[in-house]
Amino acid sequence: MPAELIDGKAIAATIRGEIRDAVAKRTASGLRPPGLAVILVGENPASQSYVRSKGKACREAGFHSVQIDRPATITEAELLALVDECNNDAAIDGILVQLPLPRHIDESRVIDRIDPRKDVDGFHPVSVGNLVLDKPGFISCTPKGIQELLVRSGVETKGKFAVIVGRSNIVGKPMAALLMRKGRGGDATVCVCHSATPDLAAVTRQADILIAAVGRAEVIDGSMLKPGAVVIDVGINRVEDPAAAKGYRIVGDVAFDSASAVASKITPVPGGVGPMTIAMLLQNTLESAVQHDTAE
Ligand code: NDP
């Protein structure tokens, strides 16, 4: 029997509806809408498309949404000054600097400049530290969305062996920290694999929950899975396909057909993790607005 689909698009739509209702209640009671500023540097088509989707989602949820476009020639000092402006803008609860930035700009210096109280992407060292130390703080959107997908799909994580393939700062590492936390969507035994893991399949075959964040098309197939495993595919890879309308297809890090013959549940690409990432960005921004209400 093929695996049951974990429909990230539908789950994300439900969450966005919940957020829209919460925003409507806020504004009806005289509070201002949550505000998100997205800074886009340069003309990377993928970044432009991500930023467009984020802006659209914000407007649909009733947020105050600001997109700030700057040319790739912007200096680091100018970009830092722009972040400062957003830090000081009382109508803005969340700041997102779309990555990657041009090579002449030090990404970590820019991320470090964001006020941690507005770090809705969860990339600031203070946010990462809070996550690891189990303190309240913003959690990076993709791993947070994956945890929410697991919980809302009825996947028990407690006591399960979770294998994450990939150790990046934005997916693999925070994912590991979240799954090993105590409580809802946590309490898993976690193993993180990477390019220096000698026999990847020997590890992935032990996983009750397998999270693939590799950035390589279809590197995980059914032969690398334990029967009945839950598979979360984070990857977004473009593969050339002359038969496709655009000349390419988007595929995940998991070979979907072969994996779904072995797994019990699996996320599709697209329509799995991606929509959850945006939903969690909205959720973090709403949480930030609520915190700013109490601080004002
Ligand atoms: P990175 O390139 O930063 O990290 C990839 C990780 O995979 C690295 O830790 C790397 O190991 C590891 N890796 C690479 N090749 C292998 C291999 N053959 N075997 C085992 N491990 C390997 O990617 P990201 O974490 O940023 O993103 C991963 C994927 O998720 C990408 O496709 C990206 O587009 C997608 N993504 C999707 C999002 C969404 O919203 N759906 C959000 C963010 C990312 P090492 O550290 O040793 O180099």
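Taking 0.36 nm per residue of separation and subtracting the Cα-Cα distance, full extension of the segment from E156 to R184 would add 9.2 nm.
By the Kirkwood approach, averaging reciprocal distances over each pair of separate Cα atoms, region 29-118 gets a hydrodynamic radius of 13.5 Å. Here the simple spin-label model places points 7 Å from the Cα toward Cβ, and for S47 and S258 these points are separated by 3.5 nm. In this structure, the residue pairs whose Cα-Cα separation is over 21 Å, taken from K118/K158; K226/K265; K160/K226, are K118/K158. Hey, with R₀ at 22 Å, roughly what FRET efficiency would D241 and R216 work out to, going by the Cβ-Cβ distance, to 0.05? After rounding to 0.05, the efficiency reads 0.85. Taking each DSSP H run with n ≥ 4 as -39500 (n - 2.57) and averaging over every residue of the chain yields -12500 deg cm²/dmol at 222 nm.
Straight Cα distances below 28 angstrom link K246 to the lysines K9, K54, K56, with same-chain residues fewer than 8 positions distant left out.
Legend: Rg and Dmax of region 171-282, from Cα coordinates, 14.6, 48 Å.
Helix 273-295 and the longest principal axis of the C-alpha atoms of the chain enclose an angle of approximately 40°.
Counting only protein heavy atoms and a 1.4 Å probe, region 37-185 has 47 square angstrom of accessible area per residue. Length gained on full extension, V290 to S29: 92.7 nm, using 0.36 nm per residue less the C-alpha separation. Overall, the accessible surface of the chain at a probe of 1.4 angstrom is composed of carbon and sulfur to the extent of 54 percent.
Which aspartates and glutamates have a Cα less than 14 Å from the Cα of K182, not counting those fewer than 8 places away in the same chain? List returned: D134, E156. Net length available on complete extension from R249 to S195 is 17.0 nm, with 0.36 nm assigned per residue and the Cα-Cα distance removed. Our note on the geometry: Cα centres of region 126-176 and region 61-122, 24 Å apart. Helix 45-60 and the longest principal axis of the Cα set of the chain meet at an angle near 70°. Built from the Cα atoms of the chain, the convex hull projects on average onto 16.2 nm², one quarter of its surface area. Close amide-amide hydrogen proximity is noted between H64 and G35, L36, each under 5 Å apart and 5 or more residues distant or on a separate chain (H modeled in the peptide plane; Pro and chain starts excluded).
The values are calculated or read from the model by the stated rules, or taken from the named source; none is laboratory data. Everything quoted here is computed from the prediction, not taken from an experiment. With ideal geometry, Cβ positions are generated from the backbone for all residues, glycine too; neighbour counts draw on all protein chains shown. SASA here: full protein model, heavy atoms, side chains in, ligands and nucleic acids out. Shrake-Rupley method; radii C 1.70, N 1.55, O 1.52, S 1.80 Å.
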